[in-house]
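Notes follow once the structure below has been shown.
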Amino acid sequence: MKIWVYAEAEGDAPTTATLEMVTKARECGTVEAVFVGSNAAAIAPALGEYGVAKVFAVDAGKCLSGIIGAAAIAGLVEAEAPDLILFAQSYDGRDAIARLSVKLDRTVLTNGVGLSVEGDAITVRGAIFGGNTLVDTKFDGPAPALAAIRPKSFVAEAGGAAAGEIVNVDTPDAGRASEAQVLETIVEPREGPKLEEATIVVSGGRGIGAAENYEPLVDELAKLLKGASGASRAIVDAGWVPYSKQVGQTGKTVKPKLYIALGISGATQHMVGMKGSDNILAINKDAEAPIFSVADLGIVGDVHKVVPKLIEAL
Amino acid sequence: MNVVVCVKQIPDPAVPGQLDTDHTLKREGKLILDESDSYGVEMALQLVDKAGGGEVTLISMAPNAEVSGLRTALAMGAAKAILVSDDVLSGADSLTTAKVLAKCVERAGDIDLVLTATESTDGYTGTIPAQVAELLGWPSLTFAKEVHLEEGTAKIQRQTEAGYDVVQANLPAVVSVTAGVVEPRYPSFKGIMAAKSKPVDQVSTSDLGLDAAALAANQSITSVTAAPAREAGEKLEDDGTAFEKVVEFLDGLKVI
Ligand SMILES: Cc1cc2nc3c(=O)[nH]c(=O)nc-3n(C[C@H](O)[C@H](O)[C@H](O)COP(=O)(O)OP(=O)(O)OC[C@H]3O[C@@H](n4cnc5c(N)ncnc54)[C@H](O)[C@@H]3O)c2cc1C
Ligand SMILES: Nc1ncnc2c1ncn2[C@@H]1O[C@H](COP(=O)(O)O)[C@@H](O)[C@H]1O
């Protein structure tokens, strides 16, 4: 089984989601990667440490990367014959898998949280209904199978050291699609650890009452615990905090050692993004809030009373 | 400026979802406009308004000739709709859906822009926007949290992990918009009345020139199981001292 991973980078390092997929793929067969960007030389050694034998590198210039990635892969599959191509369920990963599915006329399985390979059979596990139901789906069509995997579905571990040899691929002609050009990249400042990588995540929901309460309640507690602050979609949509803080189905999946939910009701779409945390603490004034059904410690109380006292005590 | 908006009609998300015996999502009862698509409808109305002319056409694929969600979007101000309802589409995968929607865009005529949501509430594959663009041979600008049109181009702020990118493409193009990009209007009473007589062009896959045999999805569900449930732990009422209990809990986890 030859598995390709659509590698993405943050700066000069592969993203954690990329390494998670490589780690899993290594269990199932030989692993090669496709990388779109100008810094393959910086990325390839790290991929090699995780067992990637070859890195097909394509430079997209200013074009939106997924568009070039899909065109490049479409040009390579016949000669290289991968059996399965894994993409992260990320912004660029989704662009790439979507366009490739049309080019190859293949179905796609998305939002994967598990993968199994038995002989030639490739099965992807998905989670629906807020993660309460697991659905296994098998590819029936010709290779390559295309799947998008949610970050945090597997644990990244170095191993299976391989060459990480770079194979440069000419930038393909993507037709009118390549008119999508990135003019500027804006990085929003962030303090403390990344949300997906923090040991502790403190999230706030509509129950914190107002935008101006986020900093003194949520950010402050996160800072004291050396964690990252997150949010429910309700307060992201309300414009209280940026989207990058959203936890849940349409936001990030987090699996910290401790997740603290302040004034969050526990909608299925929120829980699917945090239910895998080792420990969960919830503070909510409604004793019936669904979040308590997953909390190791649940405090039925007012965040404006409990949290300031807690901050004081720490 | 003629804009097409893809609008999905879905079962009420407040009602717990169920799977049918064939493992597809149950889609019985009345369908409603996916809230995620209300942002696209609002954005389209504003863009057409700003351009000073043109109209908004809705396209939707839904079972049982369902129109209630479309009527909501028509009541917001869209001019007309194309609805594809065809039994062969039951359980369609995202690529099949995209093939149908791309044909609808062609049927809609001379179009400058196609808007979609970044992902649907009930399917959330998030692949359909770029699939439709690829089928049409157009550029796609995905995950837009701001959209501006100027001189035959679309310029968006594209959501990224670290912030956003400013991305531009020539029209016609497909743009997918995130929730919250604009504040969707509530349909007025006048709008609701007007929507009742707005044209809905109902078509089948053969009307669109699609071959049913080419629409088969190459995937099959092998098992459906319940995920292991997480046990609830201790729950206590705050009497003014609950913070002490929290400190104890944090201490036990060795995080302080
Ligand atoms: C397609 C789709 C995708 C979605 N994706 C996401 C997602 O990725 N992430 C996400 O979070 N949501 C998502 N949602 C939205 C989700 O359904 C909920 O609407 C949202 O999570 C609710 O946010 P909340 O808990 O902050 O607000 P609410 O549900 O309004 O809950 C507020 C809670 O605060 C409590 N409260 C009020 N005052 C106080 C107080 N003083 N002290 C303590 N507690 C108090 C209340 O009892 C209540 O339980 C999605 C929805 C859809 C349809
Ligand atoms: N059946 C449908 N009819 C119309 N538009 C759809 C349909 N399915 C998906 N879309 C559009 O494509 C977007 C992404 O859908 P999905 O790929 O299912 O997450 C949706 O938010 C809609 O804008």
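Keeping every protein chain present and rolling a 1.4 Å probe, give me the accessible area per residue for region A:13-125 in Å².
Result: 30 Å² of accessible area for each residue.
Could you order A:W4, A:W240, B:W138 by accessible surface area, starting with the largest, using a probe radius of 1.4 Å?
A:W240, B:W138, A:W4
Counting helices only, and only those DSSP H runs with n ≥ 4, report the 222 nm mean residue ellipticity of the protein assembly as shown as the sum of -39,500 (n - 2.57) divided by its residues, in deg cm²/dmol to the nearest 500.
-7500 deg cm²/dmol
Take B:S223 and A:K285, extend 7 Å from each Cα along the Cα→Cβ direction, and tell me the distance between the two endpoints in nm.
My value for the distance between the label points is 4.6 nm.
Explain nothing, just the number: relative contact order of chain A, from Cα pairs under 8 Å at least 6 residues apart, as a whole percent.
Computed over chain A, the figure is 15 percent.
Are there GluC sites (Glu not before Pro) in region B:1-65 that DSSP puts in a loop and that have at most 13 other Cβ atoms within 10 Å, and which ones?
B:E28
Mind putting a number on the dipole of chain A about its Cα centre? Charges go on the C-beta only, +1 for Lys and Arg and -1 for Asp and Glu, and I need it in Debye to the nearest 20.
Roughly 700 debye, rounded to the nearest 20.
Taking a probe of 1.4 Å and counting only protein heavy atoms, give the total accessible area buried between chains B and A in Å², rounded to the nearest 100.
6900 Å²
Please report the projected area of chain A's Cα convex hull averaged over all directions, in nm².
16.6 nm²
How would A:D286, A:D83 line up by accessible area, probe 1.4 Å, largest first?
Solvent-accessible surface, decreasing: A:D286, A:D83.
Could you rank the peptides A:103-112, A:126-135 by their average count of other C-beta atoms within 10 Å per residue, with the highest value first?
Listed from highest to lowest mean packing, they are A:103-112, A:126-135.
When the solvent-accessible surface of protein heavy atoms is calculated with a 1.4 angstrom probe, in what order do A:K24, B:K245, A:K62 fall, highest first?
Per-residue accessible area, sorted high to low, gives A:K62, B:K245, A:K24.
Give the average, rounded to an integer, of partner chain Cβ atoms located within 10 angstrom of each Cβ in B:238-244.
Rounded to a whole number, the mean comes out at 6.
State, as an integer percentage, the relative contact order of region A:182-314 based on alpha-carbon contacts under 8 Å between residues 6 or more apart.
Contact order relative to length: 22 percent.
From Cα pairs below 8 angstrom and at least 6 apart in sequence, can you work out the relative contact order of region B:18-119, rounded to a whole percent?
Once divided by the residue count of region B:18-119, the mean separation gives 29 percent.
Points 7 angstrom from Cα along the Cβ direction at A:T133 and A:T185: gap in nanometres?
A separation of 4.1 nm, rounded to one decimal place.
Note down the accessible area of A:R233, probe 1.4 Å, to the nearest 10 Å².
Approximately 80 Å² of A:R233 is accessible to the 1.4 Å probe.
Any idea what the dipole of region A:182-226 comes to, in debye rounded to 20, about its Cα centre with Lys/Arg Cβ at +1 and Asp/Glu Cβ at -1?
Charge dipole of region A:182-226: 180 debye, to the nearest 20.
Can you work out the accessible area per residue across region B:48-179, with the rest of the protein chains kept in place, probe 1.4 Å, in square angstrom?
32 Å²
Count, for each residue of A:145-156, the Cβ atoms from other chains sitting within 10 Å of its Cβ, then give me the mean as a whole number.
1
Given charges of +1 on the Cβ of Lys and Arg and -1 on the Cβ of Asp and Glu, with all other atoms neutral, how large is the dipole of region B:176-256 about its Cα centre, in debye to the nearest 20?
Using only the charged Cβ atoms, the result is roughly 640 debye.
With r as the distance between the Cβ atoms of A:S293 and B:D110 and R0 = 41 Å, compute the FRET efficiency 1/(1 + (r/R0)^6) and round to 0.05.
For R0 = 41 Å, the calculated efficiency reads 0.20.
Within region B:145-224, report the trypsin sites (Lys or Arg not before Pro) that DSSP leaves as loop and that have at most 12 other Cβ atoms within 10 Å.
The qualifying sites are B:K196.
Can you give me the % of accessible surface on chain A that is carbon or sulfur? Probe 1.4 Å, all protein chains present, nothing else counted.
The computed percentage sits at 49.
Any idea of the accessible area per residue across region A:126-258, 1.4 Å probe, to the nearest Å²?
With all protein chains present, region A:126-258 gives 45 Å² per residue.
What pairs in A:K2/B:K103; A:K103/B:K26; A:K24/A:K252 have C-alpha atoms more than 26 Å from each other?
A:K2/B:K103; A:K103/B:K26
What does the structure give for B:133-144 when I average, per residue, the other chain Cβ atoms found within 10 Å of the residue Cβ?
6
Please give the FRET efficiency for B:A212 paired with B:I192, using the beta carbon to beta carbon distance and R0 = 35 Å, rounded to the nearest 0.05.
0.45
Mind giving me the nanometre distance, one decimal, between the label points for A:E10 and B:E234, set 7 Å out from Cα along Cα→Cβ?
Spacing of the two 7 Å Cα→Cβ label points: 3.5 nm.
Multiply the residue gap between A:A161 and A:D278 by 0.36 nm, knock off their C-alpha separation, and tell me the result in nm, one decimal place.
Here the segment from A:A161 to A:D278 would lengthen by 39.1 nm.
Is the shape of the protein assembly as shown rounded, prolate or oblate, going by the alpha carbon gyration tensor and its root eigenvalues a ≥ b ≥ c, with a/c under 1.5 for rounded and a/b larger than b/c for prolate?
Oblate is the answer for the protein assembly as shown, as a/c is 1.5 or above yet b/c matches or exceeds a/b.
The values are calculated or read from the model by the stated rules, or taken from the named source; none is laboratory data. Since the structure is predicted, the reported quantities are computational estimates derived from the model, not experimental observations. Reconstructed Cβ throughout: ideal geometry from the backbone, glycine too, with neighbour counts over all protein chains shown. Side chains are part of the model used for accessible areas, which takes the heavy atoms of the whole protein and leaves out ligands, DNA and RNA. Shrake-Rupley method; radii C 1.70, N 1.55, O 1.52, S 1.80 Å.
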